[in-house]
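One structure is given here, and the rest of the page talks about it.
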Amino acid sequence: MISFRNKRRDIIKGVTVEIVVAEDDARPLNEESKSSYNRPKLPGPFVFILRAVSTLWRNKKSRVGLVILGFFIFVSVMAPILAPHSATATNFKPYQNPNATNWLGTTGNGQDVLSQMIYGTRVSLLVGLGAGLLATLIALSIGLVSGYRPGIVDEVLSFTTNLALVLPGLPLMIVIATYLRSNSMWMILFVIGFTGWATGARVIRSQTATLRSRDFVSAASFSGERLLRVVFKEILPNMVSLAAASFFGAATAAVIAASSLEFLGIGNPNTVSWGSILYWAENDNAFLTGQWVLVFAPGIAIVLLSLSFILINFGIDTLSNPRLREK
Amino acid sequence: MPILEIEGLNVCYRPERGVRISAVRDLDISLERGEFVGIVGESGSGKSTLGFAITRMLRPPAVIESGAVKFKGTNILELTGSELRNQRRGGLALVLQSGMNALNPVRSISKQLGDVLKAHSQKGEHWGRSEVRARGGELLSMVELDSEVLDRYPHELSGGMRQRVAIALALSLEPELVVFDEPTTALDVIVQASVMETIKSLQRSRGFTAILISHDMSVVLDATDRTLVMYAGRVVEDQPSKTVASAGIHHPYTEALMKCYADPRADKVELQDIGGTPPDLSIEVAGCSFAPRCSFASKVCFLETPSLVRSELIQVACHVRLPVSPMAKEVKVVRN
Amino acid sequence: MRYFVRKVGMFFVTIWAAVTLNFVVPRLMPGSPVQATLMRLAASGQVVTNATKRAIEIQLGLPHTSLLIQYGDYLLNIFRFRFGMTYSITDESVSRAIMAAAPWTLVLVGTTTVLAFLVGTMLGVYAGWKRQSRVDSIVTVGSTVFSAFPPFFLGLLLLYFMGFKYHWLPLTGGYTPGLTPSLSLSFLGNAFIHSILPAITLIITSLAGWVLGMRNNMINTLGEDYVLFGEANGLRDKTIAFLYVARNALLPNVTSFGLALGSVIGGSVLVESIFGYPGVGSLLLTAVNNRDYPLMQTIFLMITVSMLVTIFVADLLYGLLDPRVRQ
Amino acid sequence: MSEIEEIEGPLLAIAMEPVPLMIFDQVTKSYRSKRGKKEKLIAVDNVSFEIAPGEAVGLVGASGSGKSTIARLITGLEKPDTGRIIFGDFSVGKLGHRELRNLYSMVQMVFQDPYGALNPVHSVEYAVSRPCINYLGMSISQATRRVEELLDRVGLTPARQFAEKMPHQLSGGQRQRVVIARALACEPKLLIADEPVSMLDVSLRAGVLRLLTELQNEHGLSLLYITHDLLSARVLTDRILVLNKGGVVEEGVTKQVLQNPKDPYTVKLLDSVATLDK
C-alpha cells in the first residue's frame, strides 16, 4: 500500500515539473515559495519596482508603454551627453529650419531646438511624475482615512473630494497660478498635484471601504493589531495596483496639464520645457514662417510621454480586473 | 431514443495565466425523456461545468476539447448561433445558481418576459402588452407568485421570489429539458425547501426532463429519480435515487459522502469526513482520482482509470467494488 | 423620491461651497489683489467710481472689515450680479463682458460635449460588443492615442492642415471680422463655419474617454448573470446588446457626464485661445494676462456653477434611468 | 419577561458553574430601515443568555434571525440600544478602541468565509504569529516556534511547509484550519464561530467540527457557535438558543430541543435539514 502511494507522488511530481516548465504563467505559485528562501539582497523599493516592471512586461500594451517611458528616462538622465549644444545659449542664427548643425532648427532666439527638446524631457518627466506622485499621496491619505472611518470623518472628506472633483481643473490651475505669480516649474508641479487628487481619492475610498468590511480586516483587530498597522499592513498592500493606476492616471493628466499651462505662458516661459517651446512657437507664428518642426517635435513628445503612461495603465487595469483580460 | 446523450465529453479551463484545469473528463451520460436526474458533487467535481456544457453556455476560458452533446439526436455543440437560439423554444433551458442576479435590474419583470416571448415568436403570434401579461400571469401562478409581480423590478423582490421568476422565465418557452444549477444554494434555508418543492411539482405536472445539479446529496435524493455522483470530472456512480442511501453496490466515495450526513434528531449523531485533500484537477494522472483518499484502494486503482461498469440498474466506476470481468458485456470503454 | 430630495439638497450645498471657496481663495493669496486691481484700473484710464471700488473690495478682500461682514456683502453682490468693472476692456462691467462671451462658449462646449458623449458611447457599445474584432482594435487604439493628445496640440495640428496648408476652413475668430453679430441666417452660417475646427478639436479629445469608458463598462456587464441568463433564454442579439448590456453599462457613464464637462471646459480654454474664438476661455486668458482679478474670479465662479448645474441635471437623469434609486 | 425566566431554570441547572464567563442581559438592537421610513428594523429583541466557562452554546436561526448581530454585539463591533453585555470585568457595549483590544485577547473569532478571513498578501506564518506577538509579547523566534505548534495542532502538517504558504496556495478546509490556529494563538477564553463550515465541502465539515470540539475540551474554551445548520449544532454544542426575527423562541439542551421541538419555527428549521432518508 504505502509503496504505491509513494510511487504516485513521484508521478505527480514528475508531471508538476513538466507543467511548470511548459507554463510560463504558472509562476506566482513557485515564485512565492522560492522568494522566502533566498531573497535577493536588494533594497526593498528596488525589488518592488523590478517585480512590478516584470509583471507589466507580460502585457503587450504596457510593454510598449514601458519602452517609451524607459526611452524618455534614458534621455533625461543622459541629457548633458546626448544634447549636441547648450539648451539656453542664443548663439545660432534665429528661425533656422533643420540643418546639419541644428537637426531640428533653431528658435526665434537662436537656440538649438534639439538640445531644448532633450533638456525639456527632464522638466516634463519631473513635473509629470512629481505631480502624479503628489496627487497620489494626497489621494491615498484622504481615500484611506475616509474609507476606513465611516461617519462624520468620511462625510466631510467625501464632500471635500466631490467638491474638488467638480471644480474645473485647468481654469482652477490657471487662477491659482495667476495669484501665486511665482514662475518656477515647482509651482506648476504643486498646483497640478494639489488640484488633481480627487479622482484617485474617490476610487481609493471606495476600495478601502470594501476592504474594511472584509473579514481579514476584522481578523487583524482580533489579532491585536493597532489602527495604523491595520491600514498600512492589511489594507494598503491590497491596493498596490489601484494606487499605481491612480498614479499613472494622475501623471498622464499632469503631463498634459503642465504642457497646457506652459503653452499658455503661465509659469516661466524661459524654463526649457516642451510646453515652452510650443509657447514660443505660437508667439513667433512658427506655422506662418514654415517652422512646423517647432510645433510638431514638442507636441509629439508630449503625446508619446502621456501615451506611455496610458499604456502602462492598461496593463495595470488588466491585472486588477480579470474581465478585461484579452483571450 | 434518449432525449440527451453525452458522449466522450472533455471540458477544460485554459486561463491566460495559470494552470490548465480539466474539469470534465471523458464523460458519457444518457437521459431518457421525462427523467429527473440529479448530479451530485463537491467543489471541483465538474458538475456546474457539465450543466453549462449541456446548455452550451460555457464561455472562455472554458473550452470543450472533445465529445458530443446530442439533444434529440442533434449535436448541439455543432450548431450555429441562430440554430442554437431556435433550440431554446421547446428545447433546452438553464436556471442559474445565482438566481438573485439573473434578472436585468433596469427592466420590469413583464418586460423581461416580453423579451423572451418576442425573441421566439412564430408566425401568426403577436406578443402585445396584454398577451404578455396574460401569459405572465399564467407562468407566475405556476411558480406560486402573484401576477402583480409583473410590474415589479428585480430589486423589489426577495431572493426566493427572484429565483421563482427566473424559473418562470426559463419555463416560458416550454422547454423539454431544464438544467437547474444549484437553484437554491444562494437562498435562505427555509426558502430553499419551498423553492425545491415548486421545482419538484412542476417537473411532475409538466413532464419535462430535468437535471438538478447540487452539492447537497439530501436535496438530490429527495427530488430526483436517478442520481449521478461526480468526482474530479468523472461520473463515479449512477443509480436510482431510491437505492443510493440503501446498502448495495456503491462507489467508496459515495459511501464516504453518505457518512457526512446525519439526522440531528437521532439519539447518537456521528459525522464523518473524508480525509486527504480534494483532487488537483491541473494534474493528469493515471488511476482512480479518489484512490489517494480511499481506504479500499489497491494497486490497480493507482494505475488504471476505472470505467463505469453496469450491474442491473446501477453503474459504478470502481476496480474494487465492481471489477471489470472479461465476461461482462456492458462495459463502456473510457477513452484516454 | 428620497434620491431626488437628496440630490437637490446636495446641489445647493455644493453651490454654496463653491461660492464660498471663490470667496476664500483670493484672501489666502499672498500680496494684495485689491490694491493691485485698483492701481491697474486707474492706470487703464477708467474712472474708478466708489461703487466699482466697493465691488472689487468685496470680491477680493477688504483689509479693514471683519471677514463675516465681507462674506455677507459678497453673497449679496452675487445675488445682484454685481462684480465690478473690468480693466481688460474699456468701460465694461464684468457681468457684461461675461454675458457677451458666454453664448459662444455655451454653444460650443454644449454641443461638443453632447456630440462627443453620444458618438463616443455608441462607438464604445460597438467596440465592447464586438470585442476583439477589427473595428474594436481600430477604435480602441485610436481612442488611446487621441486621449494622449493635449487639446491645444490637436488644435494646432488641425489649424495647420485644415486652415493654413489647405485653406479649407477659416484660421481664427468666431466670425469674419467686419460682420456685426446678429441672429441672421448669414451670420449664424458664418459663425458655424468658424466653429467647426474648435468643435472638432474638442470632440476628438473628449471622445476617447467615452469610448474607452463605455467599452470597459460593456465588457464588465457582459459578465453579469442576467446577460448569461438572457442568452440561455435565447434572446435576440440586439435585445441583449442594447437592452441588457448597453442599458446597464450606460449608467456609470451618465454619472461621469458632468465630471467630464470639467475637462471639456479646460480644453475649451486652450482651443479658444488657439482659434481666437470670442468665448469665455479667451476672456479668462485676457483676464489672466492683465491680472484682471475681478474678471478672472467671476469667470471661474461662472464656470464652476454651470458645471454644477450640468452635474445636477445628469444626476436627475440617472434617477430616471435606474429604477433602483427611484424610491 | 416571565417566559424567559421560565426557560432559565433548566439552563442554570446545566451550567452549574457559579460565575458565567459572559452575560448577555436583555439586549435589544435595532437599525434604521433602509427604505428611509420611520419604522425600525429590530435585529435583536430583548435577548438574554449566559455562557459558562467551558460550555458550548449554539445560536441557531435562518438569515435575518439576528444571530450574526449578536456576534457583532459580543465583540463590540456594534453597541446595544438597551441591555448589558458583561464579559469578565468588561461591559462590552461601552468599550473604546483600546479596551476592545484587551477584550480580544480573551474573545476570538472564526469567520464564515475561509477565503475572506486571510489577507491574500500575508503568509500563514505572518497571520498566525501576529496575535502571539501582540498579546503574548513573544519575540519573533518564539512566535515562529509557537506558529509551528499551533499548525501542528490544527492538523496542518508538516507545519514548517504550511507556515511558508500563502493563502491562495491552500484549500478552503486548510484555510479554515489556519483561521482556527490564529484564533487559538492568544489562548482566548471564548471562541465565537460564525458558520465556520457552511462554505466548506460536505466531506470536509466533520473534520473541522471535530477539531473545534477537541480544542474546546483541551483548552477549557467556551464556544459560541452560530449557524443555520442544526446538524452541526447538534454535534458541537451542549445547549442551543433558537432565534427567529431577533427573539429567542426556544432554548435548552441541544439534544432535547432537537428531539422535542416546541416552537413551530424550530420544527420548520428541522425540516429543512439535509437528511438522507425523508
Legend entry - All positions within the range D:106-125 that are surrounded by fewer than 23 Cβ atoms within 10 Å (Cβ to Cβ), facing chain A (nearest Cβ under 7 Å) and within 22 Å of the chain's Cα centre (by Cα): D:113, D:116
Inset, instruction - For residue B:252, work out the one condition from (1) farther than 30 Å from residue D:259 by Cβ; (2) touching a strand residue (DSSP E or B) at 6+ places or on another chain (Cβ under 6 Å) it doesn't fulfil. - result: (2)
Inset, instruction - Give me the pairs, please: first residue somewhere in the range B:45-66 and in a helix (DSSP H, G or I), second residue anywhere and of a type in the set (Asp, Glu) and surrounded by 20 or more Cβ atoms within 10 Å (Cβ to Cβ), beta-carbon distance under 9 Å, and either six or more positions apart or on two chains. - result: B:47/B:181; B:47/B:182; B:48/B:181; B:48/B:182; B:51/B:181; B:51/B:182; B:52/B:181
Legend entry - So residue C:249, is it within 14 Å of chain B (Cβ to nearest Cβ), surrounded by 20 or more Cβ atoms within 10 Å (Cβ to Cβ) and part of a helix (DSSP H, G or I): yes
Inset, instruction - Considering every residue within the range C:104-111, establish whether at least one is within 12 Å of chain A (Cβ to nearest Cβ), part of a helix (DSSP H, G or I), among the aliphatic types (A, V, I, L, M) and open to solvent by less than 30 Å² (accessible area, probe 1.4 Å). - result: yes
Inset, instruction - With the checklist (1) away from chain B (no Cβ under 14 Å); (2) of a type outside the set (Phe, Trp, Tyr); (3) more than 19 Å from residue C:313 (Cα to Cα); (4) open to solvent by less than 10 Å² (accessible area, probe 1.4 Å) in hand, flag the one item residue C:227 doesn't pass. - result: (1)
Inset, instruction - Output yes when any residue across the range B:210-229 is within 19 Å of residue B:294 (Cα to Cα) and within 13 Å of chain D (Cβ to nearest Cβ), and no when none is. - result: yes
Inset, instruction - Report yes if residue A:128 is touching a helix residue (DSSP H, G or I) at 6+ places or on another chain (Cβ under 6 Å) and at pLDDT 90 or above, otherwise no. - result: yes
Legend entry - In the range C:264-281, the residues that are more than 11 Å from chain A (Cβ to nearest Cβ) and farther than 20 Å from residue A:167 by Cβ: C:275, C:276, C:277, C:278
Legend entry - Residue in the range C:313-327 that is nearest to residue C:2 (Cα to Cα), counting only those that are part of a helix (DSSP H, G or I) and open to solvent by less than 40 Å² (accessible area, probe 1.4 Å): C:325
Legend entry - helices (runs of 4 or more DSSP H) (entirely within the range C:1-82) containing at least 2 residues that are within 30 Å of residue C:323 (Cα to Cα): C:2-28
Inset, instruction - Please verify whether the range A:222-245 includes one or more residues that are facing chain D (nearest Cβ under 9 Å), at positive phi and open to solvent by less than 10 Å² (accessible area, probe 1.4 Å). - result: yes
Inset, instruction - Can you give me the number of residues within the range C:285-307 that are open to solvent by less than 10 Å² (accessible area, probe 1.4 Å) and under 21 Å from residue C:43 (Cβ atoms)? - result: 8
Legend entry - Breaking point among (1) open to solvent by less than 10 Å² (accessible area, probe 1.4 Å); (2) under 11 Å from residue A:222 (Cβ atoms); (3) part of a helix (DSSP H, G or I), for residue D:128: (2)
Inset, instruction - Could you tell me whether any residue of the range B:92-101 is modelled with pLDDT of 85 or more, under 20 Å from residue B:147 (Cβ atoms), buried (at least 18 other Cβ atoms within 10 Å of the Cβ) and at the interface with another protein chain (Cβ under 7 Å from one of its Cβ atoms)? - result: no
Legend entry - Unique match (being more than 11 Å from chain C (Cβ to nearest Cβ) and outside any helix (DSSP H, G or I)) among B:160, B:137, B:124: B:124
Legend entry - Some residue of the range C:288-309 being within 14 Å of chain B (Cβ to nearest Cβ) and assigned to a helix (DSSP H, G or I): no
Inset, instruction - Scan the range D:74-91 and report the pairs whose first residue is under 20 Å from residue D:43 (Cβ atoms) and whose second residue is part of a loop (DSSP other than H, G, I, E, B), with Cβ atoms within less than 6 Å and a gap of 6+ or a chain change. - result: D:76/D:95
Legend entry - Selected residue (only one of C:232, C:246, C:241 is in contact with a strand residue (DSSP E or B) (Cβ under 7 Å, 6 or more places away or on another chain) and over 20 Å from residue C:273 (Cα atoms)): C:232
Legend entry - helices (runs of 4 or more DSSP H) completely within the range D:180-274 that count 2 or more residues being more than 8 Å from chain B (Cβ to nearest Cβ) and without any contact (Cβ under 8 Å) to a residue 40 or more places away in the chain: D:202-219, D:254-259, D:264-271
Legend entry - Condition met for residue B:39 (closer than 23 Å to residue B:177 by Cα, of a type in the set (A, V, I, L, M) and open to solvent by less than 10 Å² (accessible area, probe 1.4 Å)): yes
Inset, instruction - Confirm whether residue D:137 is more than 9 Å from chain A (Cβ to nearest Cβ) and closer than 16 Å to residue D:182 by Cα. - result: yes
Legend entry - Leading residue by the ranking (modelled with the lowest pLDDT) among those in the range D:149-194 that are over 22 Å from residue D:75 (Cα atoms) and of a type in the set (Val, Ile, Thr): D:157
Legend entry - Of the criteria (1) modelled with pLDDT under 80; (2) in contact with a helix residue (DSSP H, G or I) (Cβ under 6 Å, 6 or more places away or on another chain); (3) in a helix (DSSP H, G or I); (4) open to solvent by 70 Å² or more (accessible area, probe 1.4 Å), which one residue A:31 fails: (2)
Legend entry - Flag if residue C:208 is open to solvent by less than 50 Å² (accessible area, probe 1.4 Å) and in contact with a strand residue (DSSP E or B) (Cβ under 7 Å, 6 or more places away or on another chain): no
Inset, instruction - Only residues that are open to solvent by 90 Å² or more (accessible area, probe 1.4 Å) and part of a helix (DSSP H, G or I): list them for the range A:68-110, please. - result: A:71, A:74, A:77, A:81
Legend entry - All positions within the range D:240-265 that are surrounded by fewer than 21 Cβ atoms within 10 Å (Cβ to Cβ), of a type in the set (A, V, I, L, M, F, W, C) and more than 11 Å from residue D:60 (Cα to Cα): D:253
Legend entry - Neighbours by Cβ (under 6 Å, 6+ apart or cross-chain): first from the range C:263-274, in the same structural domain as residue C:106 (by TED's automatic domain parsing); second crowded, with 24+ Cβ neighbours inside 10 Å and outside any helix (DSSP H, G or I): C:272/C:279
Legend entry - In the range D:95-105, the residues that are open to solvent by less than 50 Å² (accessible area, probe 1.4 Å) and either more than 9 Å from chain A (Cβ to nearest Cβ) or not in a helix (DSSP H, G or I) (or both): D:95, D:96, D:103, D:105
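The values are calculated or read from the model by the stated rules, or taken from the named source; none is laboratory data. For clarity, every value in this text was computed on a predicted model and none was experimentally measured. Positions of Cβ are generated from backbone atoms using ideal geometry, with glycine treated the same way; all protein chains shown enter the neighbour counts. Please note that ligands, DNA and RNA were not included when accessible areas were found on the heavy atoms of the full protein model with its side chains. Shrake-Rupley method; radii C 1.70, N 1.55, O 1.52, S 1.80 Å.
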